[in-house]
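The values are calculated or read from the model by the stated rules, or taken from the named source; none is laboratory data. From a predicted model like this one, the values you see are computed outputs, not experimental measurements. No Cβ is skipped: glycine too gets one built from the backbone with ideal geometry, and neighbour counts run over all protein chains shown.
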Ligand code: GLY
């Protein structure tokens, strides 16, 4: 099949890599892609969040199946337009994408369908915020309703700080329309993990478990980022745990979508908190693969990912073989100094063209070609280096041995990815 992957980050590089190893793939395309993806797929300029432009591009290229990587095109309705044009699509339409695109929708959805999540209030005025904050104790969790590129969730120590953030969203509109409604919810303590599943709307299949490191600095300190590294599978996750996730979260989510008349073919990402008593609480849904989680989950997936996606798009997911992972993966993100706040871009990246060990994968995230055709830094998270091995300590040594062969000015990275679990 002719496959199109929409997006151009590390997640999309991992998706393209997985399709490049699949027997269903005859030709790979990506829009817009990046210099790493360009080694595996034909890259096309364009805006994945423009449904009409994407439909025209995919029609022109006679694409059979489109995998939509990031959330913004899903929320914008790109999947709906492609499906209307008769193309198979991995990713929900606008209605299903509300699970990620609107925190108000997703919290109400969970409450209505009995999916465990923390108590919350939905606020549209400063008075409502004051009442919601007043009845809670520290730390205060304040979230913007809409998509905010990872900048919409706040954990605050005092009532005053929480009120300031609410005022910045409602009065100063720092997040624009995304911050016009606010969720204020109870803080949940515990251990966080990512469950990625794919569904055709009837069957749900869980991909290998993963955990990412969201904080910028070693020891899980510093600012919250999109993720500085990840590992998969999580050593302590067993079949009983996955069954609990399926029974209490994933299947009720599917049933809820059906009851609401919302078709859903794509990825369900459940950000889960495991509370000290072992019970689960859903922190958030996303409707796409996690990043950097995809950079470790897809390489350890034991089956043919392209085949699984194709079956999912046809409503045949139940028939797909689902072998367990045979190895582990550990991925470390190389970022631009200053990330996640301000950082400089445009630095040449050295060492990308040298031969790498067979167990190493390098995923491009924020890179681009400069006018001379050399690869330079172009974002906060620049590259992800993934090592495959039998154990996490082996993968750890392998990844950090390799990582110093790739250099760019102001490079930062964490030196302790996965250490918290071994
Ligand atoms: N790594 C977190 C996310 O993809 O949302």
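For the reader, a short list of remarks on this structure follows.
- Among the residues making up the stretch 124-144, those that are more than 19 Å from residue 273 (Cβ to Cβ) and outside any loop (DSSP other than H, G, I, E, B) are 126, 127, 128, 129, 130, 131, 132, 133, 134, 144.
- Scanning the stretch 93-123 for residues that are over 17 Å from residue 78 (Cα atoms) and either at pLDDT below 95 or in a helix (DSSP H, G or I) (or both) turns up 103, 104, 105, 106, 107, 108, 109, 110, 111, 112.
- Filter result (within 14 Å of residue 57 (Cβ to Cβ) and not in a loop (DSSP other than H, G, I, E, B)) within the stretch 73-88: 73, 78, 81, 82
- Test: residue in the stretch 23-32 that is touching a residue at least 40 places away in the same chain (Cβ under 8 Å) and within 21 Å of the chain's Cα centre (by Cα): no
- Members of the stretch 3-21 that are buried (at least 20 other Cβ atoms within 10 Å of the Cβ) and more than 20 Å from the chain's Cα centre (by Cα): 3
- Only a single item in (1) in a loop (DSSP other than H, G, I, E, B); (2) buried (at least 17 other Cβ atoms within 10 Å of the Cβ); (3) touching a strand residue (DSSP E or B) at 6+ places or on another chain (Cβ under 8 Å) is not met by residue 45, and it is number (2).
- Of all residues making up the stretch 14-26, the number that are more than 14 Å from the ligand (Cβ to nearest atom) and not in a loop (DSSP other than H, G, I, E, B): 5
- The residue list 304, 370 contains one member that is closer than 28 Å to residue 67 by Cα and surrounded by fewer than 17 Cβ atoms within 10 Å (Cβ to Cβ), which is 370.
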